[in-house]
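Just below is one structure, and these are the notes that go with it.
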Amino acid sequence: MFETFLYFNEDIPGFFTALSFISGTIVGSFLNVCIYRIPQERSVVRPASTCICGQPIAFYNNIPILSWLILRGKAACCGARFSIRYPAIELLTGLLFMATWLTHPPLVALIGMLFISFLICSTFIDLDHMIIPDRFSIGGMILGVLLSVIFPALHGCEGDWLIASYQSGLTALIGALIGSGLVYWISVLGEIVFRKPAMGEGDVKFVGFIGAFCGWQGALFAMFGGALIGSVILIPLLIASRLLSGRGHSAHSESETVNPSEGEVGLEFGLQVPFGPMLAAGGLIYFLGFSVYVDAYLAQFGEFLLHSGLGGF
């Protein structure tokens, strides 16, 4: 059966690429439900999706991306506006699923789609509520280790299944421990230096989850690469926010911060910023191909330490 799949994929390569994108948009629609309901501790299965007016949304009005475009972002029943974030998450998931399919072998790509789904949910929940649910961090960490044992190809382990399974599971476990341990001690030191929490416990567990799927190298890159991404994105936003708040001081006696659920978030100096999205971006970049460069650099760095005498006792 698998050989038939390979032949079909070679004859019509675009079919599974398109299927991965379509599947991603469908999954993205479900992720929208998860992002909205999980922080409220509601079931993601029942009841079915409803409009803000309480009317059930018909299946033909719930087609990923297309329904939003056809209805021009308005509900068919009452005309209420739907946020553009819904089709944006569907499109993002579809594109990332397709990218995963194009950059990995089929089995690893399917596991990667699960990894990406966890990253997307965690990112938007953290943006909205400043939390990363344990089902994505701890649950994802455990799932990553189990999948690594069952499917050694996730960490590139080949050969005898038992040996490869052991190596892959050990790689995932080390990645989870090093990832979470690294962030924990950075958090502790940051709290000592800045006299306030530098990172939350959710970030500690979240990097452990990334490490389980990507190994310790991926966890390391998610931490420092995520910090770099955050700096590149946030510093301009903070400066712009500071300038805009200064210009608007005459119109408002105090700066206003809008609830994230309403679609606008105020950024100010000293404001606590969710680090989960940055970690997710770092882990995603590593998984989608940057691992080749990161692993090569870390290998060269390790050889340098070994040859210089710093890597041994």
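The values are calculated or read from the model by the stated rules, or taken from the named source; none is laboratory data. All of these numbers come straight from a predicted model, not from anything done at the bench. Positions of Cβ are generated from backbone atoms using ideal geometry, with glycine treated the same way; all protein chains shown enter the neighbour counts. Just the protein is used for accessible areas: all its heavy atoms, side chains included, with ligands, DNA and RNA removed. Shrake-Rupley method; radii C 1.70, N 1.55, O 1.52, S 1.80 Å.
Observations on the model:
- Sites ILE52 and ILE26, calculated FRET efficiency, Cβ-Cβ separation with R0 22 Å, nearest 0.05: 0.45
- Highest mean packing first, where packing is the average number of other Cβ atoms within 10 Å per residue, the peptides 168-179, 291-302, 126-137, 62-73 line up as 168-179, 126-137, 62-73, 291-302.
- Highest mean packing comes first when the peptides 180-188, 143-151 are listed by Cβ atoms within 10 Å, giving 143-151, 180-188.
- Protection proxy ranking for 282-288, 158-164, using the average of other Cβ atoms within 10 Å per residue and placing the highest first: 282-288, 158-164.
- Percentage, to the nearest whole number, of Cα pairs in segment 37-182 over 23 Å apart: 52 percent
- Summed residue charge, Cβ within 15 Å of GLN167's Cβ, Lys/Arg positive, Asp/Glu negative: -2
- Among THR103, PRO47, VAL27 the positive-end extreme of the charge dipole of segment 1-131 (Cβ point charges): PRO47
- All Cα-Cα separations within segment 1-99 were binned at 5 Å from zero, giving a P(r) of 3, 13, 18, 21, 17, 10, 7, 6, 4, 2, 0, each value a whole percent of the pairs.
- Ligands, DNA and RNA left out, the 1.4 Å accessible surface of segment 8-49 is 64% carbon and sulfur atoms.
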